[in-house]
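Written below as C-alpha cells is the structure these notes are about.
The values are calculated or read from the model by the stated rules, or taken from the named source; none is laboratory data. As the structure is a computational prediction, the values presented were derived from the model and not from experiment. We place every Cβ from the backbone using ideal geometry, glycine too, and count neighbours over all the protein chains shown. Keep in mind that these areas ignore ligands, DNA and RNA; they rest on the heavy atoms of the full protein, side chains included. Shrake-Rupley method; radii C 1.70, N 1.55, O 1.52, S 1.80 Å.
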Amino acid sequence: LQGQLHLAEGLLPAEATDILGTNVEFRLIGRNEDGIVDFKGSSFRAQGLRAELQGRLDPEQRNMDLTVEALAPGLASLAKRQGLQLEQTAPIRLHARGPLETPEVRLETQVQSLRADDIRIKGASIVLSASLPEQTSGSAGLAARLPLSVDDIALPGGFDLRPLRLEAEAFTPDFEQIRISRLVAQSPGLTLRGSGQARMDGTQAAADLALT
C-alpha cells in the first residue's frame with residue numbers, strides 16, 4: 001500500500017506543519033506468514049520527517065515487536081517557535097514490544113545542542129522507557145524510566161556541569177498527577193537525590209530533595 005497526501009494550508013496547526021509540511025508520502029509493506037505480519041521496507045516521508053518501520057505484528061496473539069527509526073529536521077523549527085535553539089542530526093528510535101494493550105515502549109535519541117535563554121546543553125543522550133502496567137480494573141496508568149546523560153550543561157552565572165548524569169522513575173495513575181519515586185542527578189562533586197509528586201498541569205507540586 002502506498003500513496004501521497006496533500007494537506008491544505010491551515011488544516012493543521014503551525015506546529016504540526018513544521019514537521020509534516022503540506023505533502024506526505026507513505027509506503028506500507030507487510031508480508032503475512034502464518035497469520036504474523038512482517039513489516040520491512042515501510043516508510044513515511046514528509047517535509048520535516050522521514051521514518052521507516054520494521055518488525056512483526058501478531059494479531060491473533062495480540063502481540064507486537066515493532067521499531068520506527070526517524071529523522072526529524074522539522075523539530076528545529078518546532079523548537080524555535082517555543083523560543084529554543086535545537087540542533088539534532090541523530091535519528092530518533094522508537095521500539096514497541098509486548099501485548100498490544102500494554103506494550104513496553106523505548107525511545108532513544110541524541111541531541112547535539114539545545115539552548116533556552118541562558119541555559120545551554122551539549123551532547124545529550126536520552127533513553128525513555130514507558131509501560132502500561134496490567135490491572136484487573138480501572139485505569140492502568142503509565143510507568144516511565146528516564147536515564148539521561150549530558151556532556152556539558154551551562155547555567156546562568158557561569159555555572160557549568162561537566163558531565164551530568166540523571167536517572168528518574170515516575171508513575172502517573174490517571175495522566176493528571178505524576179509521582180516521581182526516584183530522582184538521581186550526578187556531576188563531579190555533586191549528587192542530588194529526591195522524590196516528589198505534582199499535577200501535570202503545573203498547578204501543584206511537592207518534592208523531597210537531598211544534596212551531597
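Only loop residues by DSSP count here, and only those with at most 14 other Cβ atoms within 10 Å; note down the GluC sites (Glu not before Pro) in region 24-77 that meet that. Don't skip to the end; give the middle numbers.
Values: sites: 25, 33, 52, 60, 69; in loops: 60.
Answer in residue order: 60.
Only four residue types carry charge here, +1 at the Cβ of Lys and Arg and -1 at the Cβ of Asp and Glu. Report the dipole size of region 104-180 about the Cα centre in Debye, rounded to the nearest 20. Walk me through the numbers on the way to the answer.
Working: 8 positive and 12 negative charges, 45 e Å.
With Lys and Arg at +1 and Asp and Glu at -1, about 220 debye.
Write down the accessible area per residue of the chain in Å², having rolled a 1.4 Å probe over the full set of protein chains.
65
Rounded to whole Å and sorted largest first, list the principal axis extents of the Cα atoms in region 1-136.
Extents along the principal axes, in whole Å: 55, 36, 28.
Taking 7 Å along the Cα-to-C-beta vector as the label spot, tell me the residue 40-residue 118 distance in nanometres, rounded to one decimal.
Each label point lies 7 Å from its Cα, and together they span 5.5 nm.
Using only the Cα atoms of region 126-212, construct the convex hull and provide its projected area averaged over every direction, in square nanometres to one decimal.
Mean projected area for region 126-212: 6.9 nm², to one decimal.
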